[in-house]
Number of protein chains: 2
Amino acid sequence: MQTKILQLIHEKKWQEVQEEIKDLNAVNIAESFEDLDNNDVLILFRILPKDLAADVFSHLSREDQMVIVQSFANKEIEHILEELRFDDMIDFLEEVPANLVKRILKNTTEEKRELINQFLKYPENSAGSLMTIEYVEFKKNLTVRAALNNIKKTGMNKETVYTCYVTNPKRKLEGIVPLRKLVTSELDTTIEEIMYTDVIHVHTHDDQEEVAHVFKKYDFIALPVVDKENRLVGIITIDDIIDVIEQESTEDFQIMAGMQPSEDEYLKTSVFTLSRHRITWLLILMISATFTGRIIQHYEDVLQSVVILTSFIPMLMDTGGNAGSQSSTLVIRGMALGEIDSNDYWKVFSKELQVSILVGLMLAGINFLRIFYLQKVGLNISLVVSGALFLTVVLAKIVGGILPLGAKKLKLDPAIMASPLITTIVDASSLMVYFLLATKFLGI
Amino acid sequence: MQTKILQLIHEKKWQEVQEEIKDLNAVNIAESFEDLDNNDVLILFRILPKDLAADVFSHLSREDQMVIVQSFANKEIEHILEELRFDDMIDFLEEVPANLVKRILKNTTEEKRELINQFLKYPENSAGSLMTIEYVEFKKNLTVRAALNNIKKTGMNKETVYTCYVTNPKRKLEGIVPLRKLVTSELDTTIEEIMYTDVIHVHTHDDQEEVAHVFKKYDFIALPVVDKENRLVGIITIDDIIDVIEQESTEDFQIMAGMQPSEDEYLKTSVFTLSRHRITWLLILMISATFTGRIIQHYEDVLQSVVILTSFIPMLMDTGGNAGSQSSTLVIRGMALGEIDSNDYWKVFSKELQVSILVGLMLAGINFLRIFYLQKVGLNISLVVSGALFLTVVLAKIVGGILPLGAKKLKLDPAIMASPLITTIVDASSLMVYFLLATKFLGI
């Protein structure tokens, strides 16, 4: 199906394309726009069935959206924006150049312009920036019959009709009624009799991560958003929350690998931007690593007198780094999922202490057997290396487990306490331990 | 509210608890069970309003569920399970001991027992293991009026009524009707006239990650599942997909930090299990790191004659590791989100080559200034160290970007090509480069 359309587009058989496309899902149609040149994008968009155009537009890449808006006349743009869901329109306006926003706003009604401006002011990543205004709102004295009639008339223009909101004359939220409840209730019942009053809601300025937590906890498909005066101003739907959840994970992955987080797709990001996101942490960590170098310089004479000691440095540093980042990853992820609280430091400490002793003993034991029996290194040196390895693992796991909790306490993002930083910290301390043991037990 | 109830439970004022609890959301009631002793768990569960009991049960921790099932009589268990959503029951049965499953199955009807057994057989993490059978099913010649009447009668017992499924007499899926469409259509219309026939579905044996991709792509709230003969056998709802998305990210975080993935909460996992998940990779990586040690041993004389070279080893190793894991993280995450395809190696290679040259030049430049001017290291040595640093960064970024794609080609999980493994590989190669440059340009 899809390939057939691409073929027809390729051959510029636009009439046949139009015929093929009309039964397709908007998401699939939007896919056919990929890799088209600007000219074909415009033609294909113009031949879309009117009622699908806005829906397809909202699924296009930002680039294709821009191509369309920039070459369409004001009237046409107005029509597309009219049909777009309010939150999709805000998303779009947030990312296009200012002069285009101005041009678009000029073509809307005064009332709508005000509303758009208000929405554009919500902080990025806040509940306000995620919400939409296309929800179903009732007063509580309405009957189920009247409510269903209302939905029958306006339902297709709402973001969702599956949860309806009950407000008082001051627009304060009094309850919610799922559509399921409406369609299973008797027609003469009033909304008040069937509405749920224990309403879970979020505030416009709540962070999107908190909003996602509420969705996950209660298994909702939509959530009302209220302003400072507790008036209902919008709703957030689950499809946008899925994007938030993915985005928050991606951000954590990036921060944990020592990068500035970015929402842009890798393949679509310029070399310069990618480099900019990476250089800061690389620089910080490179300079921090010189401390480790200083430690080595300080103990140069130890390494000179027992040359083989140098060859165990990579193994000690790597194992320490790996052991530490295992712990920090589990704790950072546990906090992101709300399973570990920043006050759990005793629990984390005790767990990591026990795990690290167990794991450290095994690693040190195997290491001892390997270097003493296979590599034929002297007993004392084998003991010093294995002892340093054991202490490194214990230290790394405790540092890795505790630092993310500490970061949270200091209102920093725990994700910065991941592999790169932990590795740098553990490197320096493991070498200190190594040289202290060496000087003490090898009589240097 | 919540604290008041906890206070009342603490004082064992059960009647007042019962009074307080009856307007609460099942999720919030389930929260009050946390940290209660087994005895109080049982009392609190017994005083729940009958219609809430099953819903609360499905939100309890596995431990509390076990406490309840083990001390309740067969009749009572039967009642709870009767009221549980089918997918929640399957989830529960999958995790309790076999003897308990037997006891529970004994108390159900033959028909239900067969169905349960069939569901328990679906592979873990397959669409089949996620789906539920409580969906709304119509024939296409039904009128909207009849359909709405049907929903009115049975709607409250379904997992969702917001998407209804149209099947033929052989149970093959012919279309879907969103409830929104039903309530906005005229009562005399037939289902056939309003149903969507371009139905996106998944198969029972599809992996849950693919299912999640379909949900994300189309913004669905439910998706039909068909068997090999294309018969409708269940549906998956979005709330379960959110859990899948979180779980898949968690798995990636764990694998990328060199651990065996596990779905268990950190604080609830035993020290022994945590250790077992961590030791394998630590061992593998520790032993691999000895190759790096061998390289150092091999060039011992170089280090002996220019002692200061040793002190730059940590900086080289760490910067290489960090540079490589930045690239591998972006590529692994990009693949997980479906933004990068395993055939994109030329694009990734060219991007990483350019980024690494840019970043490498900056790092090497700053490093040169620092060690030549501040640390007063000789010109030749400064050049060798900075040159090795530049080459290490280029090598690390290319290896980090390409190996995850290679892993995917070999049908391995790309996430294993993350920080720990990349670091080990880059360590060895960066030291090789370092020593080669040193022998060549320092005349050793």
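Listed by chain and number, the aspartates and glutamates placed with their C-alpha closer than 12 angstrom to that of A:Lys268 are A:Glu63, B:Glu339; residues fewer than eight positions away on the same chain are left out. For B:Lys440, the lysines whose Cα comes closer than 22 Å to its Cα, not counting residues fewer than 8 places off in the same chain, are B:Lys376. Residue by residue, region B:418-427 carries 3J(HN,Hα) couplings of 10, 2, x, 6, 4, 4, 4, 5, 5, 3 Hz when phi is fed to the Karplus relation 6.51 cos²θ - 1.76 cosθ + 1.60 (θ = phi - 60°); x denotes Gly or Pro.
Dividing the summed helix terms, -39500 (n - 2.57) for each DSSP H run of n ≥ 4, by the number of residues in the protein assembly as shown produces a 222 nm estimate of -20500 deg cm²/dmol to the nearest 500. Measuring nothing but how far apart in sequence close Cα pairs (under 8 Å, 6+ apart) lie, relative to its length, region B:1-131 scores a relative contact order of 18 percent. Under the criterion of Cα pairs below 8 Å and six or more residues apart, the relative contact order for region B:136-238 equals 26 percent. If R0 equals 56 Å, the separation of the Cβ atoms of B:Lys268 and A:Val96 corresponds to a calculated FRET efficiency of about 0.75.
Apply the a/c threshold of 1.5 to the C-alpha gyration tensor of region B:266-441 and tell me whether it is rounded, prolate or oblate. Note, shape of region B:266-441 comes out oblate. Ranked by how many other Cβ atoms sit within 10 Å of their own Cβ, fewest first, the residues A:Asp318, B:Asp91 fall in the order B:Asp91, A:Asp318.
The angle between the Cα long axis of helix A:238-256 and the main principal axis of chain A comes to about 20°, on a 0 to 90 degree scale. Applied to region A:335-349, the Karplus parametrisation 6.51 cos²θ - 1.76 cosθ + 1.60 on θ = phi - 60° returns per-residue 3J(HN,Hα) values of 5, 4, 8, x, 8, 10, 9, 5, 8, 7, 4, 5, 4, 5, 4 Hz, with x for Gly and Pro. Helix B:208-218 and the longest principal axis of the Cα set of chain B meet at an angle near 80°. Between copies, the label points at B:Asp264 (set 7 angstrom from Cα along Cα-to-Cβ) are spaced 4.3 nm, reported in nanometres from shortest to longest. In chain A, the longest principal axis of the Cα atoms and the axis of helix A:144-154 are about 90 degrees apart. Taking all Cα-Cα distances within region A:2-121, those exceeding 22 Å account for 34%. Averaged over peptide B:50-60, the number of partner chain Cβ atoms lying within 10 Å of each residue's Cβ comes to 0.
Dipole size of chain B about its Cα centre, with +1 on Lys/Arg Cβ and -1 on Asp/Glu Cβ: approximately 1400 debye, rounded to the nearest 20. In order along region A:400-414, phi translates into HN-Hα couplings of x, x, 8, 4, x, 5, x, 4, 4, 4, 7, 6, 8, 6, x Hz, rounded to whole numbers, per the Karplus curve 6.51 cos²θ - 1.76 cosθ + 1.60 with θ = phi - 60° and x for Gly and Pro.
Per-residue shielding of A:253-261, expressed as the average number of other chain Cβ atoms within 10 Å of the residue Cβ, stands at 5.
Legend: residue pairs B:Lys106/B:Lys152; A:Lys181/A:Lys216; A:Lys140/A:Lys217; B:Lys121/B:Lys172, Cα-Cα distance threshold 25 Å; pairs beyond threshold, B:Lys106/B:Lys152; A:Lys140/A:Lys217. Each other copy places its own label point for B:Ala73 at 8.0 nm from this one, sorted shortest first, where the point lies 7 Å along the Cα-to-beta carbon line. Diffusion coefficient (Stokes-Einstein, Kirkwood radius over C-alpha pairs, 25 °C, 0.890 mPa s) for the protein assembly as shown: 80 µm²/s, rounded to a whole number.
The value of relative contact order for chain A, using C-alpha pairs under 8 Å at least six residues apart, is 11 percent. Cβ crowding within 10 Å ranks A:Tyr434, A:Tyr162 as A:Tyr162, A:Tyr434, fewest other Cβ atoms first.
For trypsin sites (Lys or Arg not before Pro), the sites in region A:300-386 that DSSP calls loop and that have at most 12 other Cβ atoms within 10 Å are A:Lys376.
Considering only Cα atoms, the convex hull volume of chain B works out to 217 Å³ per residue. As a ratio to 2.2 N^0.38 Å, the alpha-carbon radius of gyration for region A:136-237 is 1.06. Mean-square fluctuations from a GNM of chain B, with a 10 angstrom spring cutoff on Cα atoms, peak among B:Ser32, B:Ser328, B:Ser270 at B:Ser270.
Exposure proxy for A:Phe253, B:Phe86, B:Phe291: other Cβ atoms within 10 Å of each Cβ, ordered fewest to most, give B:Phe291, B:Phe86, A:Phe253.
Per-residue shielding of B:356-363, expressed as the average number of other chain Cβ atoms within 10 Å of the residue Cβ, stands at 4.
Each reported figure results from applying straightforward, stated rules to the coordinates on display, with no laboratory input. Computed from a predicted model, the values in this text were never measured in an experiment. All Cβ positions, glycine included, derive from the backbone under ideal geometry; neighbour counts span all protein chains shown.
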